[in-house]
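Before any comments, here is the structure.
Here, each number is a calculation from the coordinates, and none is a lab measurement. Predicted model only: the values in this text are computed from it and were never measured. Glycine gets a Cβ as well: all are built from the backbone with ideal geometry, and neighbour counts include every protein chain shown.
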Amino acid sequence: MYYVSFFSLLLFVLVSVGFFTLLERKVLSYMQCRKGPNKLGFLGLLQPFSDGMKLFMKEQFFPMNSNYVIYMVCPVFSMVQSLFLWVVFPYYVNCIELNLGLLFFLCCSSLGIYGLIVCGWSSNSIYSMLGCIRSVSQAISYEVSLSLVLLGFFLLVDSYSFMDYYNIQFTLWLLILSVPLFLCWLSCCMAESNRTPFDFSEGESELVSGFNVEYGGGGFALLFISEYSSIIFISMITCVIFLGSDFCSLFFYMKLVFMCFIFIWIRATLPRFRMMSLYHLAWKCYLPLSLKYLLFFIFLSALCFYHFFL
């Protein structure tokens, strides 16, 4: 039953990635006063399957100067890394329930940057190498704040398990205690998933396509799946930590879809920032804010501990 539940989860994640791309194209089109895909199937619902077939059936081409084996393996590594994160999805039965789920998320998500680095380096293209260097400098900036945000909630809840976040938010969402921290977390998640306005490694206007410029067909599709799977997983983590986490209710998945919609909304609204703007935000705004909230959560947990034992 463990294998059945895990592979069914992966199947639903892959299907949701396809329909997330359809949602993004429809939302962006209506925000730009056009229709978007609406011909293939009813209201364009079969468009993701057509796009997937087109990408995987295209002819593969290999740059002459690339490091051939690494160039081919890197998209597979990126996809496996993004899908491996879903191991921590909190089932009640028939799947593993990690007591250190948040730590596992931090460890695995920090590996995602290696996929971008190796893709940029193995292609042996100046544009992909520039995108790789940008992604490294970007990761150094935002991951400190991202880790401190999670550390603050760990000190408040005193657990790394997702089920404890589910139990503690029956009556009060943690978002109510930390609205500024939620905005900081959302911005760091944009940088984590290489989305607008922090998509420096994929700068289409100045780097053609950034780290994935030499990929086409199946390789590009695997990189595409890894990015969108990470976005959906980050939206799930956001709902677990900030918005309550009743995994058996339909309302939880409505909140998850709303968080995915926010990613698309921000892409349609904001232009790409300059690199220095991200560094300024990460080191001069988000880091002091997360440290102050860390002290606040320590004080709050100590107060609750004292009141409980008094």
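Tabulated data
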item	result
Anchor LYS284: lysines whose Cα lies under 17 Å away (excluding residues fewer than 8 positions away in-chain)	LYS292
Tilt relative to the chain, helix 126-157 - C-alpha long axis, 0 to 90 degrees, to 10	20
Binned Cα-Cα distances of segment 243-310, short to long, each 10 Å bin given as a whole percent	16, 20, 32, 26, 6, 1
Under 15 Å, Cβ to Cβ, from CYS33 - net charge with Lys/Arg +1 and Asp/Glu -1	+4
Most mobile listed residue (PHE153, PHE12, PHE84) in the chain, GNM with C-alpha springs under 10 Å	PHE12
All-pairs alpha carbon distance profile, the chain, 10 Å steps from 0, percent	6, 24, 34, 25, 9, 2, 0, 0
Modelled FRET efficiency - R0 51 Å, GLN32 with ASP158, Cβ distances, 0.05 increments	0.65
Listed residues GLU59, GLU24, GLU192, most fluctuating in the chain (Gaussian network, C-alpha, under 10 Å)	GLU59
Helix 47-57 vs. the chain, principal-axis angle (Cα, 0 to 90°, nearest 10)	60
Cα-derived Rg over Rh, computed across segment 28-78 with Rh taken as Kirkwood radius	1.20
Proximal charge balance of SER229 [Cβ under 14 Å; K/R count +1, D/E count -1]	-2
Residues LYS58, LYS255, LYS26 arranged by fewest to most Cβ contacts within 10 Å	LYS58, LYS26, LYS255
Anchor LYS54: lysines whose Cα lies under 27 Å away (excluding residues fewer than 8 positions away in-chain)	LYS26, LYS35, LYS39
Point-charge dipole on Cβ atoms (K/R +1, D/E -1) for the chain, about Cα centre, debye to 20	760
Calculated FRET efficiency for the pair PHE299/MET53, C-beta based, R₀ 35 Å, to 0.05	0.05
Among 259-267, 172-180, the order from most to least packed when residues are scored by Cβ within 10 Å on average	259-267, 172-180
Sum of side-chain charges, GLN138 neighbourhood, beta-carbon under 10 Å (Lys, Arg +1; Asp, Glu -1)	-2
